[in-house]
Amino acid sequence: MSLSSPILLGIESSCDDTAAAVVVGGVLQSSIVSSQAIHERFGGVVPELASRAHQRLIVPVVEAALEEAGVGKHDLDAVAVTYGPGLAGSLLVGLSFAKALALGLGIPLVGVNHLEGHLYSVFIEDPKPPLPYLCLTVSGGHTQLVLVQENFQHDVLGTTRDDAAGEAFDKVAKMLGLGYPGGPVIDRLAGDGDPSFQNFPRTRLGGAEGPFDFSFSGIKTAVLYYLNRFSDAEREALLADHLPDIAASFQTAVVEVLVGALRDAARATGVEAVAVVGGVSANSQLRREAQAMADEERLGLFIPKPAYSVDNAAMIAVTGHVKWAAGIESPLSLSAVPALAVSE
Ligand code: KG4
Ligand code: ZN
């Protein structure tokens, strides 16, 4: 144990990925993610199966993270863990494990908000963004535009009123007969498609409470109505000929909305840096268009590499390190909070 190079274990189990990571002095040493393939056949995450799989995977995943980092459990100075938002049964597995470990080793527990973890995922690698920066979190469960300031102050400027961006990708992929998760496959198909094949709606909301609020259910429903215009046989022929074009048209609509909101919010707040995080930030068109916008607006753009965009424990360990270094620890009575907001 060393005060200059504290060793922290991070644990993440909020949804369907069981993950553990080790940081030494805030620098990542290992990151292990075990994704639960069992949900693919159901076209979405089945909560009960997710918690059972976490239960099975948590010990080997933590052991693998410690081994890859070359540290033993007795070397740990603290354990950071996601306590919300997420699926209750999934959160409880990681949180209970982390509490037991902290109690057994006599080390502090640091509860980390999963959304905060995504916000700080841009601190896993260099270069790191300057504070304040504007962060667009786009995942299967969340779509938020957050101003990240000093001392863990997070101002939510916009959020989705219905579906998250990743959820829209997953639902549209299902309508098109593609697998789960839908984002990566739509991304791949869209690369060969014509984005002007169909003009799906670009919905932006506003208002005092969420000046940059989003809605993705309209785009999703527009794709559904478009497909329902055809008979089964016609739809089969349409998809055989134009699947990449439909994927490209849908993806372009979503990306335009996201990048447009990021640009407008950057102008409104006057930040010098923007970030895009969460599973959907792995999207190649989103990365490309966010870069083009940032170049035009002379903004620094920070996007974690895909392994740290999707759910992972590296972001929990890094955020845990920053909190722990700031003297923030959690009691062992910490509860899982499935609906935890980013600013809580
Ligand atoms: O952050 P994440 O791993 O889990 C949540 O916290 O939700 O995000 C998963 C989401 C899924 O909806 C998936 O379809 C989407 O990220 N996703 C993508 C891509 N890769 C993953 N969406 C669009 N393009 C991608 N390349
Ligand atoms: Zn996430």
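The values are calculated or read from the model by the stated rules, or taken from the named source; none is laboratory data. On a predicted model such as this, the values are computed, not experimentally measured, just so you know. Reconstructed Cβ throughout: ideal geometry from the backbone, glycine too, with neighbour counts over all protein chains shown. Note: accessible area is taken over every heavy atom of the protein model, side chains too, but ligands, DNA and RNA are not part of it. Shrake-Rupley method; radii C 1.70, N 1.55, O 1.52, S 1.80 Å.
Here are some notes:
- Being open to solvent by 40 Å² or more (accessible area, probe 1.4 Å), modelled with pLDDT of 95 or more, more than 23 Å from V148 (Cα to Cα) and not aromatic (F, W, Y) is not true of S249.
- Residue check for A222: among the hydrophobic types (A, V, I, L, M, F, W, C), open to solvent by 10 Å² or more (accessible area, probe 1.4 Å) and part of a helix (DSSP H, G or I): yes
Here's the yes/no breakdown for (1) open to solvent by 10 Å² or more (accessible area, probe 1.4 Å); (2) more than 28 Å from Y180 (Cβ to Cβ):
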| residue | (1), (2) |
| --- | --- |
| P60 | yes, no |
| A64 | yes, no |
| E67 | yes, yes |
| G70 | yes, yes |
| S90 | no, no |
| V93 | yes, no |
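- Residue check: L189 meets all listed conditions (1) touching a Pro at 6+ places or on another chain (Cβ under 7 Å); (2) open to solvent by 60 Å² or more (accessible area, probe 1.4 Å) but one, namely (2).
- Being assigned by TED's automatic domain parsing to the domain that holds T18, part of a helix (DSSP H, G or I) and either of a type in the set (K, R) or modelled with pLDDT of 95 or more (or both) is not true of V257.
- Where strands (runs of 3 or more DSSP E) fall wholly inside the range 1-118, the ranges with 1 or more residues that are charged (D, E, K, R) are 7-12, 17-24.
- In the range 282-289 there is at least one residue that is within 16 Å of ligand 2 (Cβ to nearest atom), within 25 Å of V185 (Cβ to Cβ) and either of a type in the set (G, A, S) or not assigned by TED's automatic domain parsing to the domain that holds T143 (or both).
- Some residue of the range 140-163 being within 14 Å of ligand 1 (Cβ to nearest atom) and of a type in the set (A, V, I, L, M): no
- Residue check, V23 touching a strand residue (DSSP E or B) at 6+ places or on another chain (Cβ under 7 Å), open to solvent by less than 10 Å² (accessible area, probe 1.4 Å) and farther than 25 Å from A339 by Cβ: yes
- Evaluation of K323 against (1) in contact (Cβ under 8 Å) with a residue 40 or more places away in the chain; (2) within 19 Å of the chain's Cα centre (by Cα) (one fails), failing number: (2)
- For the condition surrounded by fewer than 21 Cβ atoms within 10 Å (Cβ to Cβ) and closer than 18 Å to G140 by Cα, A307 qualifies.
- Here G166, G179, G158, G140 are screened, and the one residue that is assigned to a helix (DSSP H, G or I) and outside the structural domain of D75 (by TED's automatic domain parsing) is G166.
- Members of the range 125-139 that are surrounded by fewer than 24 Cβ atoms within 10 Å (Cβ to Cβ), over 15 Å from T269 (Cα atoms) and either of a type outside the set (D, E) or within 12 Å of ligand 1 (Cβ to nearest atom) (or both): P127, K128, P129
- Meets criteria (part of a loop (DSSP other than H, G, I, E, B), away from ligand 2 (no atom under 16 Å from the Cβ) and not assigned by TED's automatic domain parsing to the domain that holds I11) for D126: yes
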